[in-house]
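The values are calculated or read from the model by the stated rules, or taken from the named source; none is laboratory data. From a predicted model like this one, the values you see are computed outputs, not experimental measurements. Cβ coordinates were reconstructed from backbone atoms using ideal geometry, including for glycine residues, and neighbour counts include every protein chain displayed. We work out accessible area using only protein heavy atoms, side chains counted, and drop any ligands, DNA or RNA first. Shrake-Rupley method; radii C 1.70, N 1.55, O 1.52, S 1.80 Å.
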Amino acid sequence: MPKISNKGINMPESPIRKLVPYAEEAHKQGKTVYYLNIGQPDIKTPTVALDAIKASDLDILAYSRSEGSETYRKKIAEYYSRNDIEVSHNDIIVTTGGSEALLFAFGSIMDEDDEIIIPEPFYANYNGFSTASSVNVVPVISKIENNFALPSIEEFEKLITPKTKAILICNPGNPTGYLYSKEEIDKLAAIVKKHDLFLIADEVYREFVYDDIEHYSILQKSGLDEHTIVIDSVSKRYSMCGARIGYLVSRNKDVIKTALKFAQARLSPPTLAQIASEAALDTPQSYFDDVTKEYVKRRNILIEGLENIPGVKVAKPNGAFYCIAELPVKNSDDFARWLLESFDYDNSTVMVAPAAGFYSTPGVGLNQIRIAYVLNEDSLKKAVKIISEALKVYKD
């Protein structure tokens, strides 16, 4: 029998999606399942984006340019300008989701067995993208005890080897909700300049920043043009996860020139989704103001509820819509599966994402879960109550 590749065997399962069959079975049994496992917002997609698709009068649904349509890229550049970031549309490549932008970035700057340093816990699919690209993740550990703040420069520098090509951050962070300060970005800038590395920032949650704190992009840091690559997406910003439109942004012309070859190999990003995404850029600021207020309320309800559960430790997020909670259990994988298979409270249960899958260091995060607070306030209160009642009876 022909054999599967080692790369295929080593591709990690998604901690976000692997429990779906158990959730579906719980649903078939008549249970209400509160989905806290995935960052699928329940916020309405801006009407202007959906109307643009309905109003399109295309005779042929044709390819776009490999780098994305010029009108869309120019509007993206205008969006960045409004956010104090000056880039040209020629510094932008439109991709099929932020995921493809990451794959293009990895393929453009790293060879087989090269290394990328990532503060962990990190977005679980970074492990998958690294495996697919045959590069190695070198984790630098941030801890729940200090709210997942950036580790010291010394912690980064002792991990740098001749194989190190880049540092990757998610800002604000998935799964922690941590928001990197300007001072922390300055520290990273000093490291990548000193060691001639790339700094990649996944900034797809830029709009979701709380407590009167401002987001600071790596593209706002002067003197770093040749080192910086930004990954962005419409998925979360406009609640358009199904559009699958992202983009890679860099002022480094060699990076763009190289990434374009990967873009040409897959022909082009989806045309209709670009039409919707271009129109979404006309969404008024009031939309984001309302969404931010909603997420702040949800965050506060969730954090307060979790902090009141005996034995639970939680880091307070300043951005995105995720948090990491540490539970009084030995293995959150077992707990998450048990919730779906064997537990209900008032015929309801919850689906969470075990956090070990957001680490690459073996044995770390085994008693943690990631929660996405993308449900309405009432549902979040019920979900927290279910977790509280479950922990009273769960046996490791």
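Answer yes if at least one residue in the range 133-152 is over 23 Å from residue 369 (Cα atoms) and at pLDDT below 95, and no otherwise. Yes, because at least one residue in the range 133-152 is over 23 Å from residue 369 (Cα atoms) and at pLDDT below 95. The listed residues are 22, 126, and the only one of them that is in contact with an Asp or Glu (Cβ under 7 Å, 6 or more places away or on another chain), among the hydroxyl-bearing types (Ser, Thr, Tyr), under 30 Å from residue 387 (Cα atoms) and crowded, with 17+ Cβ neighbours inside 10 Å turns out to be 22.
Sort through 151, 175 and tell me the only one that's within 28 Å of residue 366 (Cβ to Cβ), touching a residue at least 40 places away in the same chain (Cβ under 8 Å), assigned to a loop (DSSP other than H, G, I, E, B) and open to solvent by less than 50 Å² (accessible area, probe 1.4 Å). Exactly one residue qualifies, and that residue is 175. Condition first: of a type in the set (Val, Ile, Thr) and touching a residue at least 40 places away in the same chain (Cβ under 8 Å). Now tell me which residues in the range 130-148 satisfy that. Correct list: 131, 137, 141, 144. Would you call residue 34 out of contact with any Gly (no Cβ under 9 Å at 6 or more places or on another chain), among the aromatic types (Phe, Trp, Tyr), open to solvent by less than 100 Å² (accessible area, probe 1.4 Å) and under 22 Å from residue 282 (Cβ atoms)? Taking the combined requirement at face value, the residue does not satisfy it.
Within the range 66-123, the only residue that satisfies the criterion of being among the charged types (D, E, K, R), open to solvent by 10 Å² or more (accessible area, probe 1.4 Å) and under 16 Å from the mean Cα position of the chain (by Cα) is 100.
Could you list, in sequence order, the residues of the range 39-62 that are surrounded by 17 or more Cβ atoms within 10 Å (Cβ to Cβ) and part of a loop (DSSP other than H, G, I, E, B)? Of everything in the range 39-62, those that are surrounded by 17 or more Cβ atoms within 10 Å (Cβ to Cβ) and part of a loop (DSSP other than H, G, I, E, B) turn out to be 39, 41, 45, 46. Number of residues in the range 194-216 that are in contact with a helix residue (DSSP H, G or I) (Cβ under 9 Å, 6 or more places away or on another chain) and open to solvent by 60 Å² or more (accessible area, probe 1.4 Å): the value is 4. In the set (1) assigned to a helix (DSSP H, G or I); (2) open to solvent by 20 Å² or more (accessible area, probe 1.4 Å); (3) within 30 Å of residue 272 (Cβ to Cβ), the condition left unmet by residue 236 is number (1). Pick out the one residue from 204, 255 that is touching a residue at least 24 places away in the same chain (Cβ under 8 Å) and part of a helix (DSSP H, G or I). Being touching a residue at least 24 places away in the same chain (Cβ under 8 Å) and part of a helix (DSSP H, G or I) holds for just one of 204, 255, which is 255.
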